[in-house]
Amino acid sequence: MTNLRWIAAKVIDEVAEGRSLSDSLQHALQTINENRDKAFVQALCYGVCRYYTRLDAILAQLLQKPLKAKDHVLHALLLVGLYQLIDMRVKVHAAVSETVNASANLKAPWARSLVNAILREYLRRQAEIDSALTDDEEAVYSHPDWWIKKIKAAWPNDWQMILTANNAHPPFVLRVNQQKISRENYIAKLIDHQIAAKALPTLSSGIVLESPLPIEQLPGFAAGEVSVQDGAAQLAAELLQLSPRQTVLDACAAPGGKLTHLLEIEPNLAEVIAVEKDPARLSTIHENLARLQMQATVICDDVANVGAWSNKKMVDRILLDAPCSASGVIRRHPDIKLLRQATDVPVFANDQKRLLRALWPLLKPDGILLYATCSIFSDENNDVIQAFLSEHADAEEIKLDVDWGMPLTHGRQVLPGMHAMDGFYYAKIKKLSKGKSHGTT
Ligand SMILES: C[S@@+](CC[C@H](N)C(=O)[O-])C[C@H]1O[C@@H](n2cnc3c(N)ncnc32)[C@H](O)[C@@H]1O
């Protein structure tokens with residue numbers, strides 16, 4: 001039988017080399033037959049990514065000399081071993097012996113005794129090592145140093161809460177398709193199926209489950225009664241102020257979570273155009289539309305190439321859910337902590353500004369553009385909108401008069417964990433029929 005710790009170590013090694021966790025895990029899980037084993041490997045890989053920086057600091061305390069760069073898979077296996085001892089309900093004996101057995105795949109006979117020695121030494125010195133790391137912020141908060149510095153600088157009063165929320169397990173949140181069933185009736189249906197759930201306040205369609213569940217076990221999922229979507233993402237469609245016969249552009253659409261929500265909220269739109277540049281992600285939009293029995297014009301292109309994909313027909317609403325650092329959704333994608341570099345943030349900010357500038361001419365006068373990111377950094381949020389407003393005399397911010405998040409100079413920020421939501425940013429901009437007047441009342 002394939003050794004599950006070995007499979008997990010290979011996944012972690014790939015993530016450390018730059019591959020996304022979901023991508024690597026998806027391939028790895030195909031090699032496992034039993035659902036229980038799949039769940040074990042998944043929990044192990046998510047946990048190691050979540051606590052990678054802390055596990056690495058613990059390992060450094062245990063190694064007499066650092067591992068060589070070529071021993072990167074052994075490094076990943078040692079983290080997998082330590083994580084089981086720290087945070088999984090696995091018998092200590094099984095955790096140690098199975099991780100030691102996994103080392104046979106390394107074709108380095110000495111690795112077996114090293115894995116055995118490191119894991120047993122950790123069990124002996126656990127309390128001493130934990131106390132040696134209490135002043136090491138990277139180990140305490142399990143984020144690389146640059147993340148900690150950037151979050152501290154951005155949110156001097158909230159940084160500890162944010163770092164802690166980033167390491168928490170995210171809630172499992174649903175969006176009820178009120179075209180098919182009311183939230184109240186769907187909760188009753190869940191309870192009939194012995195699934196504990198409650199309404200998510202601040203949202204009209206959100207439900208949070210007590211524990212996560214495979215989607216196939218959600219009643220009515222295949223029939224489109226419900227979708228899986230975090231609460232913060234459910235704020236977008238309502239902010240768009242939709243009405244019948246409008247044309248809407250969803251500029252960065254895959255996998256189509258917000259696209260299908262806006263079609264649920266207003267089924268009588270004239271047209272919805274969904275643009276997505278990544279061909280590999282296009283199928284996710286089609287799958288979601290098909291499951292929910294909805295229609296949209298789906299286009300694969302860089303949405304900034306307006307001349308290539310649009311016939312310059314103007315639209316009433318634009319949703320720009322821009323590509324970003326994803327710093328608000330680390331609790332769902334803990335590999336982001338390892339995959340991103342500090343230098344990525346200004347690159348995202350430039351792309352966000354480029355997309356806004358390119359799309360603005362497509363918006364009709366009196367039309368609304370909703371800008372969204374799942375970032376918590378001002379560089380990608382407030383500052384992008386500030387730069388845009390200063391460049392466009394025909395753009396005016398509509399302040400968000402809502403009971404969630406916190407106001408910034410421009411737009412509103414939800415921090416991770418607030419209202420049980422992911423970290424998200426929204427700003428709403430209206431196109432004036434005439435330019436802004438300056439200096440007059
Ligand atoms: C934050 S995700 C969008 C999530 C989506 N709105 C939803 O709610 O399901 C950003 C998406 O934009 C796509 N993207 C990035 N740059 C783009 C561009 N220049 N043109 C079109 N799509 C782009 C990415 O491939 C990614 O699928």
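The values are calculated or read from the model by the stated rules, or taken from the named source; none is laboratory data. Computed from a predicted model, the values in this text were never measured in an experiment. A quick note on method: Cβ atoms are made from the backbone with ideal geometry, for glycine too, and the neighbour counts reach across all protein chains shown. Just the protein is used for accessible areas: all its heavy atoms, side chains included, with ligands, DNA and RNA removed. Shrake-Rupley method; radii C 1.70, N 1.55, O 1.52, S 1.80 Å.
Matching residues to (1) β-branched (Val, Ile, Thr); (2) farther than 30 Å from PHE172 by Cβ:
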site: LEU359; (1), (2): no, yes
site: VAL384; (1), (2): yes, yes
site: HIS392; (1), (2): no, yes
site: LYS399; (1), (2): no, yes
site: ASP403; (1), (2): no, no
site: GLY417; (1), (2): no, no
site: GLY423; (1), (2): no, no
Legend entry - strands (runs of 3 or more DSSP E) (entirely within region 315-430) containing at least 1 residues that are without any contact (Cβ under 8 Å) to a residue 24 or more places away in the chain: 412-414
Inset, instruction - Tell me which residues, restricted to region 258-278, are under 20 Å from SER227 (Cβ atoms), within 10 Å of the ligand (Cβ to nearest atom) and either outside the structural domain of GLN241 (by TED's automatic domain parsing) or of a type outside the set (A, V, I, L, M) (or both). - result: LYS258, THR260, HIS261, GLU276
Inset, instruction - Could you tell me whether region 400-421 includes any residue that is open to solvent by less than 50 Å² (accessible area, probe 1.4 Å), among the charged types (D, E, K, R) and closer than 29 Å to LEU25 by Cα? - result: no
Inset, instruction - Name every residue in region 225-244 that is away from the ligand (no atom under 16 Å from the Cβ) and either surrounded by 20 or more Cβ atoms within 10 Å (Cβ to Cβ) or within 11 Å of LYS258 (Cβ to Cβ) (or both), in order of residue number. - result: GLU225
Inset, instruction - Looking at (1) open to solvent by 50 Å² or more (accessible area, probe 1.4 Å); (2) in contact (Cβ under 8 Å) with a residue 12 or more places away in the chain; (3) not charged (D, E, K, R), find the lone condition where ILE191 falls short. - result: (2)
Inset, instruction - Within region 166-188, track down each residue that is among the hydrophobic types (A, V, I, L, M, F, W, C) and open to solvent by 20 Å² or more (accessible area, probe 1.4 Å). - result: ALA168, PHE172, ILE181, ILE187, ALA188
Inset, instruction - Looking only at region 373-388, count how many residues are open to solvent by 20 Å² or more (accessible area, probe 1.4 Å), away from the ligand (no atom under 14 Å from the Cβ) and either touching a strand residue (DSSP E or B) at 6+ places or on another chain (Cβ under 8 Å) or not assigned by TED's automatic domain parsing to the domain that holds LEU242 (or both). - result: 0
Legend entry - Residues within region 51-107 that are open to solvent by 50 Å² or more (accessible area, probe 1.4 Å), part of a helix (DSSP H, G or I) and under 29 Å from ILE148 (Cα atoms), tallied: 9
Inset, instruction - Output the residue which, of all residues in region 286-315 that are within 18 Å of LEU363 (Cα to Cα) and open to solvent by less than 30 Å² (accessible area, probe 1.4 Å), is nearest to the ligand (Cβ to nearest atom). - result: VAL303
Inset, instruction - Pairs only if they're at least six apart or on different chains, beta carbon under 6 angstrom, first in region 221-233 and more than 16 Å from ILE285 (Cα to Cα), second assigned to a strand (DSSP E or B) and within 16 Å of the ligand (Cβ to nearest atom); list them, first residue then second. - result: ASP230/VAL173; GLY231/VAL173; GLY231/GLY206; ALA232/VAL414; ALA232/PHE424
Legend entry - Count of residues meeting criterion [closer than 30 Å to ASP13 by Cα and either away from the ligand (no atom under 14 Å from the Cβ) or basic (Lys, Arg) (or both)] in region 330-372: 14
Legend entry - Filter result (surrounded by fewer than 18 Cβ atoms within 10 Å (Cβ to Cβ) and among the acidic types (Asp, Glu)) within region 261-284: GLU271, ASP278
Legend entry - Criterion: open to solvent by 40 Å² or more (accessible area, probe 1.4 Å) and in contact (Cβ under 8 Å) with a residue 12 or more places away in the chain - qualifying residue of GLU17, GLU34: GLU17
Legend entry - Unique residue being touching a Ser or Thr at 6+ places or on another chain (Cβ under 8 Å) and within 30 Å of VAL345 (Cβ to Cβ) when the list is ALA69, ALA111, ALA154: ALA154
Inset, instruction - Check region 190-211 and report whether any residue there is in a loop (DSSP other than H, G, I, E, B), of a type in the set (Val, Ile, Thr), at pLDDT 95 or above and not assigned by TED's automatic domain parsing to the domain that holds LEU415. - result: yes
Legend entry - Qualifying position, being more than 25 Å from the chain's Cα centre (by Cα) and either open to solvent by less than 30 Å² (accessible area, probe 1.4 Å) or under 24 Å from THR164 (Cα atoms) (or both), among LEU362, LEU370, LEU432: LEU362
Inset, instruction - Report, by residue number, each residue of region 2-47 that is under 19 Å from the mean Cα position of the chain (by Cα) and farther than 24 Å from SER97 by Cα. - result: VAL15, ALA16, GLY18, ARG19, SER20, LEU21, SER22, ASP23, SER24, GLN26
